[in-house]
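A.B. asks: Got a structure for you, written out below as C-alpha cells; questions coming shortly.
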Amino acid sequence: MKRFICAVILSLVSVLAYSQSLSTADSLFNEGKYTESFEIYQTLLEEEKVASPSMLLKMAYIKEGLGGTSDALYYLNLYYLKTADKKVLFKMEELAQKAGADGYEYNDFEFIQTVFFKYFNTIVLTLISIGILLLAISFYLKFRKGVSPAIPSIFMVFVLALTFVLINFGKQYNRAVVTKSNAYLMSGPSSAAEVLTIIKKGNRVHTKGRTDIWTKIESNSIVGYIKTEKLKEVEL
C-alpha cells in the first residue's frame, strides 16, 4: 500500500513539474525568447519523453526560423505521428521542397498507421479491459455454473496475445529524418564498406534495424547502412 501511495505521489509530482516547465517554456516563447524556450521543450521531449502537439509545432517553428529545416521537418513528423493531422503534410512538403529533401510521399496506409498511433493507448486499454472481462466470464462459468469456459478462454488468450504484440511491437513507425550533413550510405555496417550514395540532410528514410553504431535504412529504393548519429528516429 505504501509503495502504491509513493508511486501516486511521484506521478503527481512529475505531472506538476512537467506542467510548470511547459508553462515556463510557453511564456518564454510568447515573449520571443525562442532559444530559451526551445531548450526547455527539448528537455521535456528528450529526457522526460513527453510532448504536446502545440509544443512540437512551436519547436518546428523555432527551428525553421533559425534555418534548421531538417530539424523542423523532424518535429513536424512527430506532430503528424501524434495527431494524424493531414494539414501539416502540406507544410512538410513545402519545407522538403525548400530543402531539396525527399522521402515525404504519403499514402492511405501511412495515414491509417498514424491514426492507429494516435489512439494506441486507448486501443491497448480496451484490449486489456476485454481480456479482464473474458477472464471474469471464464471464472464465472467454471466455478459458478460448472460449465467449461473453453470459448471465452480461447478468446482471452487471443486478446492477451494481441495486446502483448501491440505493446512490444505496435508502435514501430520505422521512419527517421537525416539531421546531419555528409550522411554516407554504406553497403555494409562499416566505414570500410562501399559508399553507395550520400543522403541529403532533411531526407526522410525507412529504418530496418541497427547494428552497433549503424542503422540499416532504405532511401530511394537503395538499401544500405548509415551512422545512427546522423539520424533522428520519428517515434513518440
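A.B. asks: So which chymotrypsin sites (Phe, Trp or Tyr not before Pro) in segment 77-168 end up in coil per DSSP with only 10 or fewer other C-beta atoms within 10 Å?
C.D. replies: On the way: sites: Y79, Y80, F90, Y104, Y106, F109, F111, F116, F117, Y119, F120, F139, Y140, F143, F155, F158, F164; in loops: Y104, Y106, Y119.
Answer in residue order: no site qualifies.
A.B. asks: I'd like the carbon and sulfur percentage of the solvent accessible area for the chain, probe radius 1.4 Å, heavy atoms only, ligands and nucleic acids excluded.
C.D. replies: 60
A.B. asks: What Kirkwood hydrodynamic radius, in Å, does segment 129-232 give when the mean of 1/r is taken over all pairs of distinct Cα atoms and then inverted? Can you show the working numbers first?
C.D. replies: Working: mean 1/r = 0.0593 Å⁻¹.
Answer for segment 129-232: a Kirkwood hydrodynamic radius of 16.9 Å.
A.B. asks: Can you list residues from other chains, or at least 5 along the same chain, whose modelled amide H is less than 5 Å from the amide H of H206?
C.D. replies: For H206, the qualifying residues are E218.
A.B. asks: How many percent of all Cα-Cα pairs in segment 30-82 sit more than 15 Å apart? Intermediate results must be reported in sequence, preceding the final value.
C.D. replies: On the way: 555 of 1378 pairs.
Of the Cα pairs, 40 percent sit more than 15 Å apart.
A.B. asks: Another question, if that's okay. Among [x] 51, 35, 32; [y] 69, 47, 34; [z] 60, 39, 35, find the value of Cα extents along the principal axes in Å that was calculated from the structure presented, and write down its label.
C.D. replies: From the options [x] 51, 35, 32; [y] 69, 47, 34; [z] 60, 39, 35, the structure gives [y].
A.B. asks: Exactly which GluC sites (Glu not before Pro) in segment 132-236 are in a DSSP loop and have at most 12 other Cβ atoms within 10 Å?
C.D. replies: E194
A.B. asks: Oh, and also: Any aspartates and glutamates with Cα under 14 Å of the K91 Cα? List them, leaving off those in the same chain fewer than 8 positions away.
C.D. replies: By straight Cα distance, K91 reaches E64, D71, D102, E105.
A.B. asks: In whole Hz, what ³J(HN,Hα) sequence does segment 196-204 give by Karplus (6.51, -1.76, 1.60; θ = phi - 60°), x for Gly and Pro?
C.D. replies: Once θ is set to phi - 60°, the couplings for segment 196-204 become 7, 5, 10, 8, 5, 4, x, 4, 9 Hz.
A.B. asks: Do you know the relative contact order of the chain, to the nearest whole percent, from alpha carbon pairs under 8 angstrom that are 6+ apart?
C.D. replies: 15
A.B. asks: Find the accessible area per residue for the chain; the probe is 1.4 Å, ligands and nucleic acids are left out, and the unit is Å².
C.D. replies: 61
A.B. asks: Can you list which of the trypsin sites (Lys or Arg not before Pro) found in segment 115-213 are DSSP loop residues with at most 12 other C-beta atoms within 10 Å? Kindly include the intermediate steps, with their values, before the conclusion.
C.D. replies: Working: sites: K118, K142, R144, K145, K171, R175, K180, K200, K201, R204, K208, R210; in loops: K145, K171, K180, K200, K201.
When the trypsin sites (Lys or Arg not before Pro) of segment 115-213 are filtered for loop state and at most 12 Cβ neighbours within 10 Å, K145 remain.
A.B. asks: Which entries in K33/K86; K63/K200; K63/K216; K171/K201 show an alpha-carbon gap greater than 20 Å? Write out the running numbers ahead of the final one.
C.D. replies: Working: K33/K86 29 Å; K63/K200 18 Å; K63/K216 27 Å; K171/K201 25 Å.
The pairs that break the limit, which is 20 Å between Cα atoms, are K33/K86; K63/K216; K171/K201.
A.B. asks: Also, quick follow-up: Of I151, I128, I222, which is the most mobile in a GNM of the chain whose springs link Cα atoms less than 10 angstrom apart?
C.D. replies: Its mean-square fluctuation being the largest, the pick is I151.
A.B. asks: Enumerate the calculated ³J(HN,Hα) couplings along segment 219-234 in order (Karplus 6.51 cos²θ - 1.76 cosθ + 1.60, θ = phi - 60°), each rounded to whole Hz, writing x wherever the residue is Gly or Pro.
C.D. replies: My calculation for segment 219-234 gives 9, 6, 6, 9, 9, x, 10, 9, 4, 4, 5, 7, 10, 10, 5, 8 Hz in order.
A.B. asks: Quick one: ranking T43, T83, T122 by accessible area, 1.4 Å probe, largest first, what do you get? Don't jump to the answer; show the numbers that get you there.
C.D. replies: Working: T43 60, T83 25, T122 80 Å².
Reading off the accessible areas and sorting them downward yields T122, T43, T83.
A.B. asks: Amide H of I198: which non-local residues (sequence gap of 5 or more, or other chain) have their own amide H closer than 5 Å, using H built in the peptide plane?
C.D. replies: Residues meeting the amide H criterion: L185.
The values are calculated or read from the model by the stated rules, or taken from the named source; none is laboratory data. Because the structure is predicted, anything quoted here is derived from the model rather than measured. Neighbour counts run over all protein chains shown; Cβ positions are idealised from the backbone, glycine included. Heavy atoms of the whole protein, side chains included, go into the accessibility calculation; ligands, DNA and RNA do not. Shrake-Rupley method; radii C 1.70, N 1.55, O 1.52, S 1.80 Å.
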